[in-house]
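Okay, so here's the structure we're looking at.
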Amino acid sequence: MLYKFPYRKIVGNNWAYGYAVHGAACHEAVLDVVRKEVERCDYFKGFLALQSLAGGTGSGLGTIGWIPTASLGLRELYPTSYLLNTVVWPYRSGEVIVQNYNTLLTMACLSESSDGVLIVENDLADQICRRLLAIPTPSLHQMNQVLTNHIAAMLMPALPFQVLLYLCVCTYASYVSNWRSNSQAILPQVESMLDKAHRMFTSNAYVHQYATHGVDADFFQSCFLRLDQMVVNYKSL
């Protein structure tokens, strides 16, 4: 049995609306569902969340459970568990006009609380479908299959120091390299997003829509500083 959370609200691609309004309204109910799922586990090590970055629901509402709030978030409730987020990076051509704002705010917030952020790209999934799988017009389902296979390759097995991780039953075959580590591969996408978001912010474009729900200029500036520092850190790898 899986507990479902029947909360369907439209936030109009506004990160602040999903985060501050709907997020605050359903935060306790979401955490209650999470508690019930954790209690059903025979062996619990952590959370793997999957969310989008472009819109307001997956990014704004999806972020509320991960960061410290007036009521306890997942980090406070389960301080020794792993918190891992898998986020879907939007198309570079643009899905929604404020996607760079939403991506900026989500990534900045997750960098504070998450143990790791795995990034999968819509553009990359689209290219794999077209070039490698010879699908001229990939459907959303086909792209999701590519992304889920990509995530599974990175995460299975995910728990460290497991006996099966070091068990080789194929003596006739060589090892496959599945090593994953930090790299600078994501920097071009992050820097491009920051540049576009900063140009919009300096023009004061759409900022009032966020300020209406409590995400003001100071909030934006702190997020810019956080991600700018992240870029500096990655360039020093």
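The values are calculated or read from the model by the stated rules, or taken from the named source; none is laboratory data. On a predicted model such as this, the values are computed, not experimentally measured, just so you know. Note that we place each Cβ from the backbone using ideal geometry, even for glycine, and neighbour counts take in every protein chain shown.
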Of all residues in region 189-206, which are of a type outside the set (A, V, I, L, M, F, W, C) and within 22 Å of the chain's Cα centre (by Cα)?
Gln189, Glu191, Ser192, Asp195, Lys196, His198
Those residues of region 41-57 that are in contact (Cβ under 8 Å) with a residue 12 or more places away in the chain and under 24 Å from Thr80 (Cβ atoms) come to a total of 8
If I filter region 133-146 for residues that are in contact (Cβ under 8 Å) with a residue 40 or more places away in the chain, crowded, with 19+ Cβ neighbours inside 10 Å and assigned to a helix (DSSP H, G or I), do I get at least one hit?
no
Per-region count, region 127-150, residues within 21 Å of Leu48 (Cβ to Cβ) and among the polar types (S, T, N, Q):
4
Does region 218-233 contain at least one residue that is closer than 22 Å to Tyr17 by Cα, without any contact (Cβ under 8 Å) to a residue 12 or more places away in the chain and of a type in the set (Ser, Thr, Tyr)?
no
A careful count of residues in region 23-50 that are of a type outside the set (Gly, Ala, Ser) and touching a Gly at 6+ places or on another chain (Cβ under 8 Å) gives 4
I'd like to verify a number: residues in region 59-99 that are closer than 17 Å to Ala29 by Cα and either assigned to a helix (DSSP H, G or I) or modelled with pLDDT under 80 (or both), how many?
18
If Ser192 meets every condition in (1) more than 22 Å from Ala16 (Cβ to Cβ); (2) not in a helix (DSSP H, G or I) apart from one, which number is that one?
(2)
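A quick yes/no check of all residues on (1) modelled with pLDDT of 90 or more; (2) farther than 20 Å from Glu112 by Cβ; (3) surrounded by 11 or more Cβ atoms within 10 Å (Cβ to Cβ):
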{"position": "Cys170", "(1), (2), (3)": "no, yes, no"}
{"position": "Tyr175", "(1), (2), (3)": "no, yes, no"}
{"position": "Asn182", "(1), (2), (3)": "no, no, no"}
{"position": "Ala197", "(1), (2), (3)": "yes, no, yes"}
{"position": "Tyr206", "(1), (2), (3)": "yes, yes, yes"}
{"position": "Met230", "(1), (2), (3)": "yes, no, yes"}
